[in-house]
Amino acid sequence: MKKIFTSLLLFVASLTLSAQGWPANYDGVMLQGFYWDSYSDSKWSQLTGQAEELSQYFKLIWVPNSGKTDAYYSSKSNTMGYDPCFWLDHESCWGTEAQLKEMITTFKDKGTDIIEDVVINHKNGRGSWVHFPDETNGAYSVTWDNTNYSGICKTDECNQNGYTTTGADDTGDDFPGYRDLDHTNATVQQNVKTYLKYLLNELRYAGFRYDMVKGYKAEYTGLYNKDAQPTYSVGEYWDGDVSKVKAWIDGTKQDGFIQSAAFDFPLKYKLNAALGGKQWSQLKEAVLANTVDYARYAVTFVDNHDTYRENSRLFYNVCAANALILSMPGTPCLFLPHWQAYKGSLKKLILARKAVGITNQSTIDEATASADGFVLKVTGTAGKLMLVLGEATATTTGYQLATEGVNYKLYVSDGVDISAVSAVTDTDAKQEVNKVPSFCTVADGEMCAFFEVPASWDMSASQVVKCWCWDKQYNYTTGAWPGSACVKVGTADNGNAVWKWTFKESEKKTATGNTDEGIIFNDGKSSDAIQTDNLVFENAGYYTVNGAWRNAKTDATAINTIRHTPVVATSQAYDMLGRKVEPTTQRKGTIYIQNGKKYLKN
């Protein structure tokens, strides 16, 4: 009897240890298997058909919320699942529940787990804003208070739109798209636990990607995971402040154990600055993945379904950015459109990571930034790795070149077997551009800058991009916001319009009180302008929203007679998209960030 009891204790202890947010020393790479409106590419049957190939490179795939939405129930309409309605019915625009189970089983049999996009911050009603469907599926059942609406926060905006709810105050940020669930409510908690157990036990998901975890206290994610025991859990705590993301991770603790990983948004924004604007030093700053105590819980990424549609997207050096997250500690999460466009390059990078034995808790030996680029050295279980970004120089003695591409070279230590890397024959469907468009010309002595307008800016025929450029002595763009008009000079290979600002002596104004220097591009509106952040001025610089990506005249030495020293501008704090937006102009179904909060336009 004593032996049986001891065995039982060991079994229970192993379960507790396995549910600590994310596996220790995890060496897998993750794929986000969807993007916004990927209704064809992300169908369960479509993903199942790629299982043989994907399972060779990814140990984990994140898929959309699979629950039936009210839109699909009512009219078979497509939505991305961030309008959740049913929790125990998983026939959706992505496929039937049978097809979902087949996909999960097919991948699991090949060693790849599937996690679902779990949306429990808010819920959509069936037939009205507040009526949640009661559901029973086998041994699983959820019921809701559709009389007093006690499961909906009393601070929800539906209370100003004809409804009265009786839940507690929201424990996090409000989400005006749908009803905010009251996670202090015992019925809500039990329903969430039932839902998560159905996902794990009946559908055989391996874990969860929690949507908008800023919407409720971190302790509830911990509470639900302690009960459900997923192998993987990652929260979308969308914030560039690493201290806040760490605090959320710590806030999920139950019985002293962290219960969830988080996406490394701090690293995402530093990737944008470095590989979109040559601000290499930002890659040395603290993020989850380079912090020893948090690297295990860092899920790193270059872009996702939200950032890819907005100005926080990385426009260039995509493979170089993926090379960085695939070289670092943490669990890299690659984005489906990147995989589709650069499959050959990404396969080589994944296999190089595997050859060296990099895990989510590998050791960073060196991280060096210069004006020309960045060098990273990491030790894995089978050797060492060195990544060189930009035009940085590094001693390669003791290393062999594993793979290279635009603005990156990846070396591994001598003796590491890279035959699998060399055996990759796939080519990239898309070629990355490493030069400024030929139509961006600069005259001798000309002070100018070029700006590639992101597709998310709504530039009507009557709107003109304007530039605001200044230093501590002068404003070079009229001194009256929004500044000087730019001229459209062409279209980049990616379809984005390129505008040019040229300094005119008549527009130079004496500045008073300026303590910083920089350049800003905006959509030309005098108020509520959509604009870039404060960027570093570089004469003849070719800018995206992240900064000067390249230079249209790299051999230019004259800055005219204008005094304009290119120093780092005092940067505003990033909003969640790295720019200002007008919510009223966002299309229906668009997710946007305002005042640190995530909203859905409806």
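Once you reduce the range 511-533 and the range 262-276 to the center of their Cα atoms, the two points are 23 Å from each other.
Surface composition of the chain: carbon plus sulfur atoms hold 48% of the accessible area, using a 1.4 angstrom probe and ignoring ligands, DNA and RNA.
A crude spin-label estimate for the pair Thr427 and Lys244, with each label 7 Å from Cα along the Cβ direction, gives 4.5 nm. Working ranking of peptides 329-340, 139-150, 95-106 by packing, defined as the average number of other Cβ atoms within 10 Å per residue, highest first, is 329-340, 95-106, 139-150.
Remark: relative contact order (the range 112-199) = 28 percent; criterion is Cα-Cα distance under 8 angstrom and separation of 6 or more residues. Once you sort the root eigenvalues of the Cα gyration tensor of the range 369-450 as a ≥ b ≥ c, which label holds: rounded (a/c under 1.5), prolate (a/b larger than b/c) or oblate (the other case)? Note, shape of the range 369-450 comes out oblate. The label point for Glu219 and the one for Lys504, both projected 7 Å from the Cα toward the Cβ, are 6.2 nm apart.
The C-alpha atoms of the chain define a longest principal axis, and helix 343-356 lies at about 70 degrees to it. For the range 184-298, the spread of Cα positions along the three principal axes, ordered from largest to smallest, is 50, 27, 24 Å. Relative to the Cα centre, the charge distribution of the range 188-255, modelled as +1 at Lys and Arg Cβ and -1 at Asp and Glu Cβ, gives a dipole magnitude of about 100 debye. Just report the Cα centroid separation between the range 42-58 and the range 76-129, whole Å. When both Cα centres are located, 17 Å separates them. In the context of the full set of protein chains, the chain has a per residue accessible area of 39 Å² (1.4 Å probe).
Dipole orientation for the range 143-298: of the candidates Tyr237, Leu271, Thr143, Leu271 has the Cα lying most toward the positive pole (charges on Cβ; Lys, Arg +1; Asp, Glu -1).
For Asp414, the solvent-accessible surface with a 1.4 Å probe is about 90 Å², rounded to the nearest 10. Sequence-distant contacts, meaning Cα pairs under 8 Å at least 6 residues apart, place the relative contact order of the range 419-555 at 28 percent. Farthest toward the positive end of the dipole of the chain, out of Gly445, Ala492, Gly177, is the Cα of Gly445, where the dipole comes from beta carbon charges about the Cα centre. Computing Rg and the Kirkwood Rh from the Cα coordinates of the chain gives a ratio, Rg/Rh, of 0.99. Overall, the chain carries a charge dipole of about 460 debye about its Cα centre when +1 sits on the Cβ of Lys and Arg and -1 on the Cβ of Asp and Glu, all other atoms neutral.
As a length-normalised measure over Cα pairs under 8 Å and 6 or more apart, the relative contact order of the chain settles at 11 percent. Taking the longest Cα principal axis of the chain as reference, the axis of helix 265-277 is set at about 20 degrees. Each of Ala298, Gln282, Tyr308 was placed along the dipole of the range 273-314 (beta-carbon charges, centred on the mean Cα), and the one lying farthest toward the positive end is Gln282.
When the GluC sites (Glu not before Pro) in the range 336-422 are filtered for DSSP coil states and for at most 16 other beta-carbon atoms within 10 Å of their beta-carbon, the remaining sites are Glu391. Antiparallel as a % of all DSSP beta bridges within the chain, to the nearest 5? Expressed as a percentage, antiparallel bridges in the chain total about 65.
What does the charge count near Val302 come to, summing +1 for each Lys or Arg and -1 for each Asp or Glu among other residues with Cβ under 12 Å from its Cβ? Value of the local net charge: +1.
The chymotrypsin sites (Phe, Trp or Tyr not before Pro) of the range 385-451 that meet both conditions, a loop assignment by DSSP and at most 15 other Cβ atoms within 10 Å of the site Cβ, are Phe439. Asp417 contributes an accessible area of around 110 Å² to the protein surface, as traced by a 1.4 Å probe with all chains present. Seen against the Cα atoms of the chain and their longest principal axis, helix 218-228 is set at about 40 degrees.
What the Kirkwood sum gives for the range 255-336 is a hydrodynamic radius of 12.9 Å, with every pair of different alpha carbons counted.
Expressed as a whole number of Å, what is the distance separating the alpha-carbon centroids of the range 459-490 and the range 340-368? Their Cα centres are 42 Å away from one another.
The values are calculated or read from the model by the stated rules, or taken from the named source; none is laboratory data. Owing to the predicted nature of the structure, the values given are computational and were not obtained by experimental measurement. Reconstructed Cβ throughout: ideal geometry from the backbone, glycine too, with neighbour counts over all protein chains shown. Protein only, heavy atoms only, side chains kept; ligands, DNA and RNA dropped before computing areas. Shrake-Rupley method; radii C 1.70, N 1.55, O 1.52, S 1.80 Å.
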